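Quick notes on the structure that follows.
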Amino acid sequence: MERSSAADTEARESSSIGESPQRDFSQGFGIYIHWPYCLSKCPYCDFFSQVSRNIEQETIIKDYLDDLDFYAELTKERTVTSVFFGGGTPSLIKPELIEKIINHISKKWNLADNSEISLEANPNTDRPDLFADLRNAGINRLSLGVQALNDNDLKILGRTHNLKQAYQAMEEVLRRFDNHSIDLIYARPAQSLNQWQEEIRHAAAFGFKHLSMYQLTIEEGTVFYKKGMQPAEENLASEMYNFTNRYLSEHGYPQYEISNYAQTGFESRHNQLYWNGSDYLGIGKSAHGRLKIGNKHYALTHRRIREELTPEERAEELLLMGLRLNSGINKQDFEKQCGLKFDKFVNTNKLNGLSAEKLIINTEATIKATDSGRLILNRIIEELCS
């Protein structure tokens, strides 16, 4: 999925509080293609990835196609609404192999006419025509991992591109694609509020359709953790988060999820499958999926393994993911998804207490976190599940 905000740290991308519309979960079905390989490992990254420059791409892609064939037999009646190439660094895949995957999916499933086909890319590449080739291969949404808008912090974050390369890539992505997004990381070591404010203003001025703003977290096992690197302190990170919400909302990018902001109609359709509890396949190393077969929900793990989820496990997932959304959780949809009534599943005493603290808004139809609640979402979820 497209890393984490002051609240995102708790959940592991301020809106009106009217009732959220009931969602039709039967409509969305996605395929996630995971490419775990990178040319270098970012010191803050705790995702599964492998550093390698000599990869037999054709062999790996053949395995991906075989896995797609396997899952097509289980889901051939479904319509694919989104495909997401994530990683790792999926922009390292040869464009002709990306096209091969997309074509294979379109043969095995009905691919919706307005399907969203996204790929994550880094700004620097040794392929001068990469973005044009990706567009020709069938990618219609490009997510660019910029991460910082100054050379010093790009170095601190271990990025292999500089600011000039970032700007060049941003301009080309805007020229080549109609749907696009950039990622930035805040609460970086020694970063000031003024510096982040200027960065946000600059990012919003470019005109990307979607912005993802992730708070830097130092996870055990990362290079940053081993070196004792420290992100911005908690109060400063909260100030950065609150400014981001306010500024982007005022400039045409309302927040719709903890770390994600978009112009109207350009919210990430694929990531909303995760947050709304819809079905998706995961193809590739460490890729996971969720799939309903009959009346049972399954976690899909590599490779071709299905693990049945209990109603309680499914309910906890729906709670964890759904409260990330500004629109929150529709209780009727929640019951359809796991078979449990929301108010019976959660700790009612904690629910009432969180509501009294104005950390959640709980109505007969929906529950959602307030702006203050999103800053401590992990605490909210733990209490509701206790």
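The values are calculated or read from the model by the stated rules, or taken from the named source; none is laboratory data. Because the structure is predicted, anything quoted here is derived from the model rather than measured. Neighbour counts run over all protein chains shown; Cβ positions are idealised from the backbone, glycine included. The protein model used for the area step is the full one, side chains on, heavy atoms only, and it has no ligands, DNA or RNA in it. Shrake-Rupley method; radii C 1.70, N 1.55, O 1.52, S 1.80 Å.
Within this structure, ALA287 passes the test of being modelled with pLDDT under 95, among the hydrophobic types (A, V, I, L, M, F, W, C) and under 21 Å from the mean Cα position of the chain (by Cα).
Among the conditions (1) under 24 Å from TYR256 (Cβ atoms); (2) surrounded by fewer than 20 Cβ atoms within 10 Å (Cβ to Cβ), the only one that GLU383 does not satisfy is (1). The numbered conditions (1) over 21 Å from ARG141 (Cα atoms); (2) open to solvent by 40 Å² or more (accessible area, probe 1.4 Å); (3) within 26 Å of the chain's Cα centre (by Cα) are all true for ASP67 except (2). The residue list LEU318, LEU384, LEU291 contains one member that is assigned to a helix (DSSP H, G or I) and out of contact with any Cys (no Cβ under 7 Å at 6 or more places or on another chain), which is LEU384. Taking the criterion of being on the phi > 0 side of the Ramachandran plot and touching a Phe, Trp or Tyr at 6+ places or on another chain (Cβ under 8 Å), the residues of region 286-304 that qualify are SER286, ARG304. Residue-level check: of (1) modelled with pLDDT of 95 or more; (2) over 25 Å from ILE93 (Cβ atoms); (3) in contact with an Asp or Glu (Cβ under 7 Å, 6 or more places away or on another chain); (4) of a type outside the set (Val, Ile, Thr), PHE131 misses just (2). I'd like to know if region 50-61 contains one or more residues that are surrounded by 17 or more Cβ atoms within 10 Å (Cβ to Cβ), modelled with pLDDT of 80 or more and in a loop (DSSP other than H, G, I, E, B). No, region 50-61 has no match at all.
Determine, yes or no, whether LEU325 is touching a strand residue (DSSP E or B) at 6+ places or on another chain (Cβ under 7 Å), over 30 Å from ILE60 (Cβ atoms), modelled with pLDDT of 95 or more and open to solvent by less than 10 Å² (accessible area, probe 1.4 Å). Answer is yes for this residue. Note on region 336-349: residues that are buried (at least 16 other Cβ atoms within 10 Å of the Cβ) and in a helix (DSSP H, G or I) amount to 4. Search region 304-320 for residues being surrounded by 17 or more Cβ atoms within 10 Å (Cβ to Cβ) and in contact with a His (Cβ under 8 Å, 6 or more places away or on another chain), and hand back the single one that is farthest from GLY284 (Cα to Cα). This residue is ARG314.
Could you tell me whether ILE218 is under 21 Å from TYR256 (Cα atoms) and of a type outside the set (S, T, N, Q)? Spelling it out, it is not the case that ILE218 is under 21 Å from TYR256 (Cα atoms) and of a type outside the set (S, T, N, Q).
Take the residues in region 118-177 that are open to solvent by 40 Å² or more (accessible area, probe 1.4 Å) and aliphatic (A, V, I, L, M), then tell me which one is nearest to THR81 (Cα to Cα). Here the answer is LEU174. Within region 188-213, the set of residues being buried (at least 22 other Cβ atoms within 10 Å of the Cβ) and not in a helix (DSSP H, G or I) comprises ARG188, GLN191, PHE208, HIS210, LEU211, SER212, MET213. Scanning region 185-237 for residues that are more than 20 Å from GLU250 (Cα to Cα), touching a Leu at 6+ places or on another chain (Cβ under 7 Å) and of a type outside the set (A, V, I, L, M) turns up ARG188, PRO231.
Among the residues that make up region 346-353, is at least one of them touching a Cys at 6+ places or on another chain (Cβ under 8 Å) and under 30 Å from LEU65 (Cα atoms)? No, region 346-353 contains no residue that is touching a Cys at 6+ places or on another chain (Cβ under 8 Å) and under 30 Å from LEU65 (Cα atoms).
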